[in-house]
1. Are there any helices in the chain, counted as whole DSSP H runs, that stretch 30 Å or more along their axis by Cα and score at least -1.0 on average by Kyte-Doolittle, and if so which?
2. Please report, to one decimal in angstroms, the Kirkwood hydrodynamic radius of segment 180-394 built from all distinct Cα-Cα pairs.
3. If amide hydrogens are placed 1.01 Å from N in the peptide plane, which non-local residues have theirs closer than 5 Å to the one on Val241?
4. Taking every pair of alpha-carbon atoms in segment 309-365, what share in percent sits in each 5 Å bin, from 0 to the bin with the longest distance?
5. Please turn the phi angles of segment 135-150 into ³J(HN,Hα) values with the Karplus equation 6.51 cos²θ - 1.76 cosθ + 1.60 (θ = phi - 60°), one per residue in order, whole Hz, x for glycine and proline.
6. What ranking do 391-404, 44-57, 267-280, 129-142 get when scored by the average of other Cβ atoms within 10 Å per residue, highest first?
7. If the chain were replaced by its equivalent ellipsoid, with semi-axes equal to the square roots of 5 times the Cα gyration tensor eigenvalues, what would those be, largest first, whole Å?
8. For segment 435-477, evaluate the Debye formula with one uniform point scatterer on each Cα (no solvent term) and list log10 I(q)/I(0) at q = 0.25, 0.29, 0.34 Å⁻¹, rounded to two decimals.
Amino acid sequence: MAGWIWLRCVFGPNLTRTHRSPEAPRADGRVARRGWPYQPKSLEKHADSILGWASALWSLSYYSSPLLLCYLYRKGYICSSKLVPVGQYVGTVLVCLLGVACLRGWGRWRNSEYMQFISILEETRRNHTASNKRKLACFDFDFSYWPADFSWNDVSSPKSSKGGVSLLKPEPRHRGAADSLLNTLRTLPCHVVSFLITHSFGRRMLYPGSVGLLQKAMRPMLQQGQARLVEECNGQRNKLVACDGNEIDTMFVDRRSEGGANGQTLVICCEGNAGFYEVGCMNTPLEGGYSVLGWNHPGFGGSTGVPFPQNEANAMDVVIQFAVHKLGFNLNDIIIYAWSIGGFTASWAVMSYPDLKAIVLDASFDDLLPLALKVMPDSWRPLVTYTVRQYMNLNNAEQLCKYQGPVLLIRRTKDEIITTTGPEDITANRGNDLLLRLLQYRYPKIMSEEGVSSVRRWLAAGSLMEEAALYSSYEVDDDWCVSVLQSYQNDTSTPFPWTVGEDMTSDGRRQLALFLARKYMRNFETTHCTPLPASEFRRPWSL
């Protein structure tokens, strides 16, 4: 038995923090919520440092391996006579690292705090009860060892209204000459290059938060954010298993028992391409008193996998299933909130679950392709277009237009990331195109040539004062606009797109177009990465 426990200490997870004692209640009977960092013994500390450096060097070697292999080949080191000594050297290093791991296990075995943790972990694995789960939640450790709390197939009929998770499809190809054998052979090099680009540096450029070295550098910040959510907000960490087998790291803060009006509404947060729920946009609705569910992209933090579009959709799907079937929220009590590239999973969610209450998109874009073309050479345009459409088709506007519910877009007026020119040109912000696509789909008669022209002028306003002045110059009567839209809604009760405005004067269409633009979009005078204050987060407008 002692040998088994020692092996668990050798190969067990790193313990970083104790959030609260699992067995030490305070005088008033409640559990103390003040945590403390785990203090390893000297032997464990030094051994863990050596293994950490070895892991960092391995990651660095992995990412630089193409250049390293080219260098070794040119120097003549890649040959049978020299590979054998290299293999022996690598084997010696691995044996030494195994010895260091054994020493670390010995140090853990002599640490009472780690022994308490490992015994709770083993007991939870054998008997995953709510009581054991509460004890295990008192510790912050390597999330890969955390038992699964919810699986996509735990539900008797997952996503019963849809019959399963929606498969994302690449752009359709035209039949005929394009399908000929000759054309296939001619374009084969492009397909191979596109695949290699996507699965090497392309995916990492698009989602830098999935790079292991960046996560190692951010680890202290992420651990601090994790501790704040658990100890100050009483957050509950859960592991969800998606339909593709990826494990999704989530954090839930329940405000329903606090009696506030916002606490009955759940906000599911979708982070940006280098965002983590520990330090990301989850803080904004938390400050507003909402119940909040945050999750990390596949490959981010404790989540496994890689953040390709289908994996992202699968992760979003199991998060919604968890919120409904395990946390007990109705779909019409859930708001989807996303920042930046998180708009893809958010728009997929409302497209796939049309009964969701609303969606709020902050600093998001309409389509990835224009932004990808901006940062790549013009000569690469055909290759970039094919690669994005085939492997990274983040078509937010197309998905958002399939949702019938309330929408709020937040545009950063000094955004330097989602513009095709620069932050000084607000007309190049792709959030403008997202708004126009949505309005043109929902209100095609209002968004005629004069309607689009007036909205573009409104979008070109560089400040809130200019925006208000332009709005006043068109003499928009808000009460009249509301009465027109409500009258149409009461008379027809049809889903979008609406035909309201087809028998209206140009002046009336301009007024309605500006009124709708102002209701669907709010400006926030800041840059792309500035955290959104809770005062700027609000429920979308609805008739």
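1. Correct list, ordered by number: 42-63, 80-109.
2. So the Kirkwood estimate lands at 18.2 Å.
3. Those lying under 5 Å, H to H, from Val241 are Phe150, Ser151, Trp152, Ile248.
4. Result, from short to long distances: 5, 20, 31, 27, 14, 4, 0 percent.
5. 5, 5, 5, 6, 10, 10, 8, 3, 5, 5, 8, 6, x, 5, 9, 7
6. So the order, starting with the most tightly packed, is 267-280, 391-404, 129-142, 44-57.
7. Details: eigenvalues 425, 209, 85 Å².
Rounded to whole Å, the semi-axes are 46, 32, 21.
8. Once normalised to I(0) and log-transformed, intensities are -0.90, -1.02, -1.10.
Read-outs: derived from the displayed coordinates by stated rules, not from any lab. The shown structure was predicted, so the numbers you read here are calculated from the model rather than taken from an experiment. In this analysis, Cβ positions are derived from the backbone assuming ideal geometry, glycine residues included, and neighbour counts consider all displayed protein chains.
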